[in-house]
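Visitor: First, the structure itself, so that you have it in front of you.
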Amino acid sequence: MVTMTSVNKHYGALHVLRDVNLTIGAGEVVVVIGPSGSGKSTLCRTINRLETIDTGTITLDGKPLPAEGKALANLRSEVGMVFQSFNLFAHKTILENVTLGPIKVRKLKREAAEKEAIALLERVGVATQKDKYPAQLSGGQQQRVAIARALAMKPKVILFDEPTSALDPEMVNEVLEVMTSLAKEGMTMVVVTHEMGFARKAADRVVFMADGQIVEEAEPNAFFTNPSSERARDFLSKIL
Ligand code: ADP
Ligand code: MG
């Protein structure tokens, strides 16, 4: 579904992605871990072209990422993104947050968009909150709305960038449970997270990044029980 081939990116003198090669199959769940500053967010952001790359190629569903115009807008709808900070529209209701994209981009009629949105809000357990504004919801509820909003675009892949890092601890599980059920249903997902329980349970593959490079990729059980690189062993010893 996604291929990254020899991808390099700099921020000025900082070489933030170093010859990254990554293939994500349809229905695969890839968890990306690594120290702060290793390039995890940048990697995610290149996949929906929130960031451009200097060299290399990225394809989605076999096609190179478009650079601009309508094709780029379409790409953004095909690659969902869920951020640490929820990023809901503060002045729109929960229902409007979920229907906006489908009405504007997928050209659904309001009635059809609302019907779909309510079904998605039910799926993530927040349908009763549909007429409230984001600030009236808990962090865990807001993040579940953000997931419903991403799903409403019928994306080919969803990128999650530390989706539970800003949550109070008691709300982490309700979000991870929604993500785990999406994973089981076959959604293609890239998840940057420090939640190793989720990685063990839901990931098909763990990608360990350090200093802008993919240092190691493995199936979760192998990675956690026997990481092959010193960097990964060191990282795991600090977080587990
Ligand atoms: P991670 O998500 O793994 O913590 P990031 O991808 O956010 O890492 O950042 C990788 C490196 O790139 C860091 O050193 C960070 O400071 C730098 N960086 C990220 N975004 C920018 C930017 N817009 N301009 C300049 N440097 C950036
Ligand atoms: Mg980050």
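Every number in this text was worked out from the coordinates using simple rules, so none of it is lab data. Nothing here was measured: the structure is a model prediction, and the numbers come from that model. Note: ideal-geometry Cβ built from the backbone for every residue, glycine included; neighbour counts use all protein chains shown.
Visitor: If the reach is capped at under 18 angstrom between alpha carbons, list the aspartates and glutamates near Lys109, excluding any in the same chain fewer than eight residues apart.
Guide: The reachable aspartates and glutamates, counting only those whose Cα sits under 18 Å from Lys109, are Glu96.
Visitor: Now, a different point. Output the 0 to 90 degree angle, nearest 10, between the alpha-carbon long axis of helix 139-151 and the longest principal axis computed from the alpha carbons of the chain.
Guide: 90 degrees
Visitor: Now for a different question. Can you list the GluC sites (Glu not before Pro) in the stretch 175-240 that are in a DSSP coil and have 16 or fewer other beta carbons within 10 angstrom?
Guide: Glu185
Visitor: Let me ask something else. Taking neighbour Cβ counts within 10 Å as the exposure measure, how do Phe224, Phe198, Phe89, Phe160 sort from fewest upward? Spell out each step's value before the answer.
Guide: On the way: Phe224 16, Phe198 25, Phe89 13, Phe160 28.
Ordered from fewest to most neighbouring Cβ atoms within 10 Å, Phe224, Phe198, Phe89, Phe160 come out as Phe89, Phe224, Phe198, Phe160.
Visitor: Lys and Arg at +1, Asp and Glu at -1: add these up for the other residues within a Cβ distance under 14 Å of Lys201 and post the number.
Guide: Local net charge: -1.
Visitor: Right, something else. With +1 on each Lys and Arg Cβ and -1 on each Asp and Glu Cβ, how big is the dipole of the stretch 66-108 about its Cα centre, in debye rounded to the nearest 20?
Guide: On the way: 6 positive and 3 negative charges, 31 e Å.
Taking the Cα centre of the stretch 66-108 as origin, the dipole is about 140 debye.
Visitor: If you don't mind, there's one more thing I want to ask. Between Gly69, Gly139, Gly186, find the one with the highest GNM mean-square fluctuation for the chain; connect C-alpha pairs within less than 10 Å.
Guide: Among Gly69, Gly139, Gly186, the largest mean-square fluctuation in the Gaussian network model of the chain belongs to Gly69.
Visitor: So, one more: Please report the projected area of the stretch 160-240's Cα convex hull averaged over all directions, in nm².
Guide: Reported value for the Cα convex hull: 5.5 nm².
Visitor: About the Cα centre of the chain, what is the dipole size in debye to 20, counting +1 per Lys and Arg Cβ and -1 per Asp and Glu Cβ, all else neutral?
Guide: I would put it at about 820 debye.
Visitor: Right, here's the next one. Computed from the mean reciprocal separation of all distinct C-alpha pairs, what Kirkwood hydrodynamic radius does the chain have, in Å?
Guide: It is 18.4 Å.
Visitor: Less than 26 Å apart at the alpha-carbon level, and either on another chain or at least 8 residues along: which lysines does that give for Lys201?
Guide: Reachable lysines: Lys40, Lys154, Lys156, Lys184, Lys238.
Visitor: Follow-up. Could you check the spin-label model distance between Asp19 and Asp54? Points 7 Å from the Cα along Cα→Cβ, value in nm.
Guide: Distance between the two pseudo-spin positions: 1.4 nm.
Visitor: Which distance in nm do the two modelled labels at Ala26 and Ser165 give, with both placed 7 Å along the Cα-to-Cβ direction?
Guide: 3.2 nm
Visitor: Can you tell me the 0 to 90 degree angle between the C-alpha axis of helix 69-78 and the longest principal axis of the chain, rounded to 10?
Guide: The helix 69-78 is inclined about 90 degrees to the chain.
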